[in-house]
Amino acid sequence: MVSYMDYTSPSTQFTFDINKSLLVKKDNQNYINVLSVKQLNTLENTSLLDIFLSVNNVVEPHYHQNAAELVYCISGAATVSLLNPFTKQIQNYPITPGQVANVPQGWWHYEVATVDDTHLLAIFNAPTPEVILGSDILKLTPPDIMAHTYCMDENQWKKAIAPVKPATFIGPPANCNRASEGATHQYPQQYINHYENQMYTTPAYNYQIPSNPQYYFY
């Protein structure tokens, strides 16, 4: 019980309609609702993201610096992928209704819907989950630093990340035109197969993620 709460106050909240708390919307099939202590003031160390995705849409690579995330599949199917910082491996976990995947606090991860009408519930052990998004890391890290650090051509780097929009949240963007250019991306087979207790790994590089910017899900 939260010691600073006045549970006799008329402003004390015990229920909330999460359908009225939109965090981000790409279109009518791809959007995220949020529930934090800002919406329901009696919450303690719990908060939620209610995630709706159509096939091949991605909750962009990101990490939560203040909370672990338990991803529960309500309907549809998705693959939850995380970078294990100890094994230096990307680990892919397909989940279907009734199955979960757990992402430890601070781990780089993303979710890909593998069928239409996918509904995920992301549960956090914090009253307000914070997030650092891959799109922000790409756009807000100075290009000269990236070019100098990794021995790249700065102008080529700027050109490569020019299409990236900060705070993408759900990708690819609605105006993505790769299909018309004949370059539609196909996900590997492990993203569309759902074998129980099956884990797939692919090599990853060892790197450090910048500590800013931050988002607070109000």
- Message: I need the full set of residues from segment 1-44 which are under 28 Å from Asn175 (Cβ atoms), of a type in the set (S, T, N, Q) and free of Cβ contacts under 8 Å to residues at least 40 places away in the same chain, in order please.
- Response: Asn19, Ser21, Asn28, Asn33
- Query: Restricted to segment 96-118, and to residues that are touching a His at 6+ places or on another chain (Cβ under 8 Å) and closer than 21 Å to Val34 by Cα, which residue is most open to solvent (accessible area, probe 1.4 Å)?
  - Reply: Gln105
- Item | Members of segment 93-117 that are within 15 Å of Asn56 (Cβ to Cβ) and either of a type in the set (S, T, N, Q) or in contact with a Gly (Cβ under 6 Å, 6 or more places away or on another chain) (or both) | Thr114, Val115, Asp117
- Task: Check Asp117 against each of (1) under 17 Å from the mean Cα position of the chain (by Cα); (2) in contact (Cβ under 8 Å) with a residue 60 or more places away in the chain and name the one condition it does not meet.
- Result: (1)
- Note on the structure: Here the residues within segment 1-53 that are open to solvent by 80 Å² or more (accessible area, probe 1.4 Å) and of a type in the set (S, T, N, Q) are Ser3, Thr8, Thr15, Asn19, Asn28, Gln29, Asn45
- Only strands (runs of 3 or more DSSP E) wholly contained in segment 1-74 count here; list those with 1 or more residues that are among the acidic types (Asp, Glu) and at pLDDT 95 or above. 22-27, 47-53, 58-63
- Message: Scan segment 80-96 and tell me whether some residue there is under 22 Å from Asp27 (Cα atoms) and outside any loop (DSSP other than H, G, I, E, B).
- Response: yes
- In segment 119-144, the residues that are within 22 Å of Leu35 (Cα to Cα), open to solvent by 30 Å² or more (accessible area, probe 1.4 Å) and not in a strand (DSSP E or B): Asn125, Pro127
- Checked segment 100-118 for anything of a type in the set (A, V, I, L, M, F, W, C) and not in a loop (DSSP other than H, G, I, E, B); matches are Val100, Ala101, Val103, Val112, Ala113
- Ala147 fails exactly one of the following numbered conditions: (1) without any contact (Cβ under 8 Å) to a residue 24 or more places away in the chain; (2) open to solvent by less than 20 Å² (accessible area, probe 1.4 Å); (3) not in a helix (DSSP H, G or I). What is the number of that condition? (3)
- Is it the case that some residue within segment 76-87 is open to solvent by 40 Å² or more (accessible area, probe 1.4 Å) and either within 24 Å of Pro127 (Cα to Cα) or modelled with pLDDT under 95 (or both)? no
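The values are calculated or read from the model by the stated rules, or taken from the named source; none is laboratory data. Bear in mind that the values here come from a model prediction, so they are computed numbers and not experimental data. Every residue, glycine among them, receives a Cβ derived from its backbone with ideal geometry; neighbour counts consider all protein chains shown. Surface accessibility is based on the protein's heavy atoms, side chains included, excluding ligands, DNA and RNA. Shrake-Rupley method; radii C 1.70, N 1.55, O 1.52, S 1.80 Å.
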